[in-house]
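Visitor: Got a structure here, written out as C-alpha coordinates. Questions coming.
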Amino acid sequence: MRVESVIDSLTTRLADAQQRNFSAFPILNQYVWANNYVGGSYENEINYLKNWIFDRMEWMDSKLDGFMYPYAVETNGLDGLDLHVFPNPVLREFSMLLYADRGSELEIEFINTLGQTTHREAYGLSPGSQTLYFGSEVVNKAMPQPGIYFISLHVDGNFAGTRKLVRK
(Lines give C-alpha, C1' and ligand atoms only; values in the text may rest on other atoms or scores of the structure.)
Protein backbone atom coordinates (compact mmCIF):
# COMPACT_ATOMS: atom_id res chain seq x y z
CA MET A 1 0.00 0.00 0.00
CA ARG A 2 1.34 3.41 -0.94
CA VAL A 3 0.52 5.10 2.38
CA GLU A 4 2.43 2.46 4.32
CA SER A 5 5.46 2.75 2.04
CA VAL A 6 5.50 6.54 2.52
CA ILE A 7 5.37 6.14 6.31
CA ASP A 8 8.14 3.50 6.17
CA SER A 9 10.35 5.67 3.96
CA LEU A 10 9.91 8.68 6.26
CA THR A 11 10.55 6.50 9.32
CA THR A 12 13.83 5.35 7.77
CA ARG A 13 14.77 8.89 6.81
CA LEU A 14 14.07 10.16 10.34
CA ALA A 15 15.86 7.31 12.17
CA ASP A 16 18.81 9.43 13.34
CA ALA A 17 16.71 12.55 13.95
CA GLN A 18 14.21 10.73 16.18
CA GLN A 19 17.09 9.43 18.34
CA ARG A 20 18.47 12.95 18.76
CA ASN A 21 14.95 14.27 19.46
CA PHE A 22 14.25 11.77 22.23
CA SER A 23 17.73 12.33 23.71
CA ALA A 24 17.07 16.05 23.92
CA PHE A 25 13.42 15.62 24.97
CA PRO A 26 12.99 12.35 26.94
CA ILE A 27 9.25 12.03 26.39
CA LEU A 28 9.09 8.73 24.50
CA ASN A 29 7.36 6.69 27.20
CA GLN A 30 5.51 9.57 28.87
CA TYR A 31 2.09 11.08 28.39
CA VAL A 32 2.25 14.52 26.78
CA TRP A 33 -1.00 16.40 26.40
CA ALA A 34 -2.93 15.65 23.98
CA ASN A 35 -1.39 12.32 23.03
CA ASN A 36 -3.92 9.55 22.66
CA TYR A 37 -1.34 6.78 22.96
CA VAL A 38 1.90 6.13 24.86
CA GLY A 39 3.67 3.30 23.07
CA GLY A 40 6.91 2.91 24.99
CA SER A 41 9.04 2.79 21.84
CA TYR A 42 9.42 4.61 18.56
CA GLU A 43 8.43 1.44 16.65
CA ASN A 44 5.20 1.13 18.68
CA GLU A 45 4.40 4.78 17.99
CA ILE A 46 4.89 4.23 14.24
CA ASN A 47 2.70 1.10 14.30
CA TYR A 48 0.00 3.02 16.19
CA LEU A 49 0.18 5.80 13.56
CA LYS A 50 -0.14 3.29 10.70
CA ASN A 51 -3.09 1.53 12.32
CA TRP A 52 -4.83 4.83 13.03
CA ILE A 53 -4.39 5.98 9.42
CA PHE A 54 -5.60 2.64 7.99
CA ASP A 55 -8.63 2.64 10.33
CA ARG A 56 -9.41 6.22 9.31
CA MET A 57 -9.15 5.40 5.59
CA GLU A 58 -11.43 2.39 6.08
CA TRP A 59 -13.95 4.55 7.95
CA MET A 60 -13.81 7.22 5.21
CA ASP A 61 -14.34 4.60 2.50
CA SER A 62 -17.34 3.15 4.32
CA LYS A 63 -18.91 6.56 4.93
CA LEU A 64 -18.04 8.44 1.75
CA ASP A 65 -18.10 5.95 -1.14
CA GLY A 66 -21.84 5.43 -0.86
CA PHE A 67 -22.61 9.10 -1.32
CA MET A 68 -21.32 10.55 -4.55
CA TYR A 69 -22.12 13.42 -6.81
CA PRO A 70 -24.64 14.14 -8.21
CA TYR A 71 -26.97 12.13 -5.97
CA ALA A 72 -26.69 11.39 -2.27
CA VAL A 73 -27.96 7.83 -2.48
CA GLU A 74 -26.32 4.56 -1.63
CA THR A 75 -24.95 2.69 -4.62
CA ASN A 76 -25.17 -0.80 -3.20
CA GLY A 77 -27.37 -3.00 -5.38
CA LEU A 78 -27.95 -1.00 -8.54
CA ASP A 79 -31.44 -1.46 -9.91
CA GLY A 80 -31.32 -4.92 -11.48
CA LEU A 81 -27.62 -4.55 -12.25
CA ASP A 82 -24.47 -5.97 -10.66
CA LEU A 83 -21.54 -3.90 -11.96
CA HIS A 84 -17.75 -3.92 -11.50
CA VAL A 85 -15.36 -1.40 -13.10
CA PHE A 86 -11.72 -2.34 -13.67
CA PRO A 87 -9.00 -1.29 -13.60
CA ASN A 88 -9.67 1.67 -11.38
CA PRO A 89 -7.62 3.92 -11.48
CA VAL A 90 -7.90 4.08 -15.27
CA LEU A 91 -4.84 4.69 -17.41
CA ARG A 92 -5.84 4.25 -21.08
CA GLU A 93 -8.80 1.87 -21.05
CA PHE A 94 -11.19 0.12 -18.72
CA SER A 95 -13.99 -2.41 -18.71
CA MET A 96 -17.29 -2.83 -16.94
CA LEU A 97 -18.27 -6.32 -16.03
CA LEU A 98 -21.97 -6.44 -15.35
CA TYR A 99 -24.82 -8.77 -14.81
CA ALA A 100 -28.33 -7.67 -15.79
CA ASP A 101 -31.26 -9.62 -14.39
CA ARG A 102 -33.37 -8.58 -17.39
CA GLY A 103 -32.99 -6.99 -20.80
CA SER A 104 -32.76 -3.24 -20.40
CA GLU A 105 -31.35 0.00 -21.73
CA LEU A 106 -28.28 1.29 -19.85
CA GLU A 107 -27.19 4.91 -20.17
CA ILE A 108 -23.79 5.87 -18.78
CA GLU A 109 -22.98 9.52 -18.18
CA PHE A 110 -19.42 10.61 -17.31
CA ILE A 111 -19.28 13.63 -15.01
CA ASN A 112 -16.19 15.58 -13.92
CA THR A 113 -15.74 17.12 -10.46
CA LEU A 114 -17.16 20.42 -11.71
CA GLY A 115 -20.45 18.63 -12.41
CA GLN A 116 -20.02 18.85 -16.18
CA THR A 117 -21.06 15.94 -18.37
CA THR A 118 -18.03 14.96 -20.43
CA HIS A 119 -19.48 11.98 -22.29
CA ARG A 120 -22.67 9.93 -22.56
CA GLU A 121 -23.32 6.52 -24.09
CA ALA A 122 -26.26 4.13 -24.22
CA TYR A 123 -26.18 0.35 -24.40
CA GLY A 124 -28.83 -2.28 -24.91
CA LEU A 125 -28.30 -4.98 -22.31
CA SER A 126 -29.30 -8.61 -22.58
CA PRO A 127 -30.11 -10.63 -19.48
CA GLY A 128 -27.00 -12.22 -17.98
CA SER A 129 -23.28 -11.40 -17.79
CA GLN A 130 -21.61 -9.04 -20.24
CA THR A 131 -18.54 -6.84 -20.48
CA LEU A 132 -18.49 -3.30 -21.82
CA TYR A 133 -15.07 -2.18 -23.04
CA PHE A 134 -14.02 1.47 -23.08
CA GLY A 135 -10.92 2.01 -25.22
CA SER A 136 -8.53 4.94 -25.26
CA GLU A 137 -10.70 6.98 -27.66
CA VAL A 138 -13.66 6.94 -25.25
CA VAL A 139 -11.44 7.36 -22.17
CA ASN A 140 -9.73 10.42 -23.68
CA LYS A 141 -13.11 11.95 -24.58
CA ALA A 142 -14.89 11.04 -21.32
CA MET A 143 -11.95 11.68 -18.97
CA PRO A 144 -9.71 14.17 -20.81
CA GLN A 145 -7.48 14.97 -17.83
CA PRO A 146 -6.18 13.01 -14.85
CA GLY A 147 -8.51 13.27 -11.87
CA ILE A 148 -11.74 11.99 -10.37
CA TYR A 149 -14.80 11.32 -12.48
CA PHE A 150 -18.21 9.89 -11.72
CA ILE A 151 -20.32 7.68 -13.90
CA SER A 152 -24.02 8.10 -13.46
CA LEU A 153 -26.00 5.03 -14.44
CA HIS A 154 -29.58 4.98 -15.67
CA VAL A 155 -31.44 1.74 -16.37
CA ASP A 156 -34.51 2.09 -18.59
CA GLY A 157 -34.48 5.85 -17.96
CA ASN A 158 -34.42 5.52 -14.17
CA PHE A 159 -31.47 6.55 -12.04
CA ALA A 160 -29.66 3.41 -10.84
CA GLY A 161 -26.55 4.74 -9.04
CA THR A 162 -23.10 6.18 -9.44
CA ARG A 163 -19.57 4.88 -9.47
CA LYS A 164 -16.33 6.77 -8.95
CA LEU A 165 -13.48 6.47 -11.47
CA VAL A 166 -9.99 7.87 -11.18
CA ARG A 167 -7.99 8.72 -14.32
CA LYS A 168 -4.22 8.52 -13.87
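The values are calculated or read from the model by the stated rules, or taken from the named source; none is laboratory data. Worth saying up front: this structure is predicted, and the values here are computed from it rather than measured. Every residue, glycine among them, receives a Cβ derived from its backbone with ideal geometry; neighbour counts consider all protein chains shown.
Visitor: Kindly indicate the residue of the stretch 51-99 that is of a type in the set (V, I, T) and not assigned by TED's automatic domain parsing to the domain that holds H154 and also modelled with the highest pLDDT among those meeting that condition. Walk me through it before giving the result.
Guide: Quick first cut of the stretch 51-99, residues of a type in the set (V, I, T) only: 53, 73, 75, 85, 90.
With not assigned by TED's automatic domain parsing to the domain that holds H154 added as a condition, the list becomes 53, 73, 75.
On the way: I53: 90, V73: 36, T75: 39.
Per the criteria, the residue is I53.
Visitor: Here's a check for you: in the stretch 21-62, which residue that is among the acidic types (D, E) and under 19 Å from the mean Cα position of the chain (by Cα) is farthest from V3 (Cα to Cα)? Steps first, answer last, please.
Guide: Within the stretch 21-62, the subset among the acidic types (D, E) is 43, 45, 55, 58, 61.
Now restrict to residues that are under 19 Å from the mean Cα position of the chain (by Cα): 55, 58, 61.
Values: D55: 12, E58: 13, D61: 15 Å.
Here the answer is D61.
Visitor: Just for the stretch 137-156: of the residues that are of a type in the set (G, A, S) and modelled with pLDDT under 95, which one is surrounded by the most Cβ atoms within 10 Å (Cβ to Cβ)? Break it down into steps so the answer makes sense when it comes.
Guide: So the first thing to find is which residues in the stretch 137-156 are of a type in the set (G, A, S), and the list is 142, 147, 152.
From the residues that got through so far, the ones that are modelled with pLDDT under 95 too are 147, 152.
Numbers: G147: 12, S152: 20.
Only one residue tops the list, namely S152.
Visitor: Just to verify a result, which residue in the stretch 101-124, among those that are in contact (Cβ under 8 Å) with a residue 40 or more places away in the chain and touching an Asp or Glu at 6+ places or on another chain (Cβ under 9 Å), is nearest to G147 (Cα to Cα)?
Guide: Here is the first cut: in the stretch 101-124, the residues in contact (Cβ under 8 Å) with a residue 40 or more places away in the chain are 104-111, 113, 115.
Adding the requirement that they be touching an Asp or Glu at 6+ places or on another chain (Cβ under 9 Å) leaves 104-110.
Working: S104: 31, E105: 28, L106: 24, E107: 22, I108: 18, E109: 16, F110: 12 Å.
The extreme case among them is F110.
Visitor: Still on this structure, please answer the following. Please verify whether Y48 is at pLDDT 90 or above, over 30 Å from R163 (Cβ atoms) and out of contact with any Gly (no Cβ under 8 Å at 6 or more places or on another chain), treating the condition exactly as stated.
Guide: No, not satisfied.
Visitor: Looking at (1) modelled with pLDDT of 95 or more; (2) closer than 17 Å to L97 by Cα, which one does R120 not meet, given that it meets all the others?
Guide: So R120 meets the others, but not (2).
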